[in-house]
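Following: one structure in structure tokens, then a few remarks.
The values are calculated or read from the model by the stated rules, or taken from the named source; none is laboratory data. Since we're looking at a predicted model, the values are computed, not measured. In this analysis, Cβ positions are derived from the backbone assuming ideal geometry, glycine residues included, and neighbour counts consider all displayed protein chains. We work out accessible area using only protein heavy atoms, side chains counted, and drop any ligands, DNA or RNA first. Shrake-Rupley method; radii C 1.70, N 1.55, O 1.52, S 1.80 Å.
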Amino acid sequence: METNNSKEDMNSMCLISTQPSHSDKAIKNFEVENSKCLITKSVNLDQAMEIIGFGSFHYYILFICGSLFATISISVTSVSFIIPSAQCDFQMTSIHKGILNGASMIGMFFGCFISGYLADSKGRKYTLILCMMIDSIFNLISSISQIYPILIFCKLMSGFGISGVTVFYSYLGEFVSTKDREKFLCWMELFWTFGVILLPCIAWLVIPLTFRIEYGFFLFRSWNLFIIICALPSLIFSCFLAKLPESPKFLLAKGKHDETIDCLKFVYRWNNKTDDNFPVTSLTLPDYIYEQSNKSFIYGLYNSISDLFTSKFKVVAILTCVIQFCCTASFYMMVLWFPELMNRFRWYETLYSGPQNMTNMCEIVSLFKIEPEEIDLKCNDEINQSVYENILIIGIACIPTSIIVPLLVNKFGIKLFLVLSFFGSAMSSACLYFITSSFENIVLSSIFEALSSLGIGLIFCISVELFPTEFRGVAVAIGSMFGKVGAVIGNIVVGIFIDAHCMVPILVSCSLLIISAILVLTLPRTGKTAIK
């Protein structure tokens, strides 16, 4: 056994100065040259993360969280295939379809409050696993539901689980040092794109199947199988997530020093493929220790939100909420409108095979206004092949931006890409007024989807750096909640004006995106300092 004197000699030889003028350089050189030495003086968490480095652990955690992010993308948009394929089984009217379409959104609205609070009080990993399990389990139940109200309730609870999507950015961002954080988080958008591409492929393979299993009251068809396939990945990857550690930033913010050291040891050994002990033995505790209240859950939630909006971060919180409202309202106004536009253009090009003299999209749309008394009473639950193809094309169109932004974000900054994405999608939205063909519609729809979805993802990325650990979960979740409010209002605007005054949704969408771009310019600079 080593004597105390020998330990002191080793520490004196290997000691790294923690003076501000030298610590960064010393720590960067420490890992390679002195991996078996112990730092006896306290270093802050960002210095410890520099020692850990960036390696295989970070690629693995990005893959697990990214895969779960893709399954959320599938869960959110799968209802667009469920509605037409299940409408005959549940005898759904347009009102029923609208309720089913909005059930997930309502679940996400209420879930944002709770998931944000849980992330800041119970932990990032705990909240993510809980939310993913809720989404998966209730989707599996919905796959065998035989009654419309049960289907609605299941989609509502699935939306509640999906609300945890915002926590992914906090969880991942708190494992990475400043220089790698923005680039690392931006790769999450690529996984969302994979989900958008994968969904129509799954639907195309499964939903056209004609099998039918009946046993008394029970009926099982292809759309039921489709839901099961979409639900299983959340369950599987949640099990992998359970094996990963909690965020070190969260642990230290809660005053759990020893647990933080254990977490850093785990990452250090994985990244460096070594059994050596993590060289840091002591961390500097943050100025603010987030203490769990013994009061009720409602009180804790209220207190967490009120603390945010009475802190020095209240202005930034309000700005991010307004940006989320504007960009998400515009996104859902257009994206949920695109399939209807595609159908009406197809009808126009089929029926008007001769000279087509329409001057803009609104004239074409108004030709095919469908009155309630004109609805065909014979139920048809077949999905046209072009629907799968168009959604697949739009998903593929998102790949270039999902790759380019992470590669260049460290050079140009995340704010520049946010402004460009919002202005670009605003221009593509405005140009919709002038289109007169299905081809033009697909092109503009793809550009809009790629840029606006990128902007929404980047808002989550930048929010990780705008707020300290004790407010991060709640701040990001409340911003997302305002986004859901915008999505609901945007859908109402489209429903009211699409037939008679389709110019109104276009103007609203374009204006909201321009407002988002301008407000982004007022946000504090990010990517240069360590997150708190």
**OP:** Send over a whole-number figure in Å² for the accessible area per residue of the range 132-174, probe 1.4 Å.
**Re:** 25 Å²
Subject >> Over 28 Å (Cα to Cα) - which of K125/K183; K312/K415; K179/K254; K97/K183; K122/K243 fall in this group >> reply: K97/K183
Subject >> DSSP-assigned coil residues among trypsin sites (Lys or Arg not before Pro) in the range 233-274, each with at most 14 further Cβ atoms within 10 Å >> reply: K243, K273
**OP:** In nm, give the distance between the simple-model label positions of V493 and E214, each being 7 Å from the Cα along the Cα-to-Cβ direction.
**Re:** 4.6 nm
Subject >> Percent breakdown of C-alpha pair distances by 10 Å bin, ordered from the shortest bin, for the range 394-461 >> reply: 21, 51, 22, 5
Original post:
According to the Kirkwood expression over distinct Cα-Cα pairs, how big is the hydrodynamic radius of the range 167-291, in Å?
Top reply: 18.6 Å
Subject >> Nonlocal amide H pairs with V280, under 5 Å, H built at 1.01 Å >> reply: I39
Original post:
Using Cα pairs under 8 angstrom and six or more residues apart, how large is the relative contact order of the range 76-161, in percent?
Top reply: 40 percent
**OP:** Please work out how much length the chain gains when fully extended from I318 to L205, using 0.36 nm per residue of separation minus the C-alpha to C-alpha distance, in nm with one decimal.
**Re:** 36.3 nm
**OP:** In nm, give the distance between the simple-model label positions of M503 and T310, each being 7 Å from the Cα along the Cα-to-Cβ direction.
**Re:** 4.9 nm
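Hand me the chymotrypsin sites (Phe, Trp or Tyr not before Pro) from the range 70-109 located in a DSSP loop with no more than 11 other Cβ atoms within 10 Å, in residue order please. Mind dumping the intermediate values first?
Working: sites: F81, F90, F109; in loops: F90.
Listed in order of number, the matching sites amount to none.
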**OP:** Enumerate the residues in the range 76-90 having an amide nitrogen under 16 Å from the point lying 7 Å beyond the Cα of I150 toward its Cβ.
**Re:** 89-90
Subject >> Inter-probe distance in nm under a simple model that places probes 7 Å from Cα toward Cβ, at V443 and Y59 >> reply: 3.9 nm
Original post:
Hull surface divided by four, with the convex hull built on the Cα atoms of the range 136-199: how many nm²?
Top reply: 5.3 nm²
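Say R0 is 35 Å: what FRET efficiency, to the nearest 0.05, do H257 and F110 get from their beta-carbon distance?
Computed FRET efficiency for H257 and F110 comes out at 0.50.
Quick one: with all protein chains in place, what share of the accessible area of the range 164-316 is carbon or sulfur, to the nearest percent (1.4 Å probe)? If you can, show how the numbers build up before the last one.
On the way: 4570 of 7340 Å².
C and S fraction of accessible area: 62 percent.
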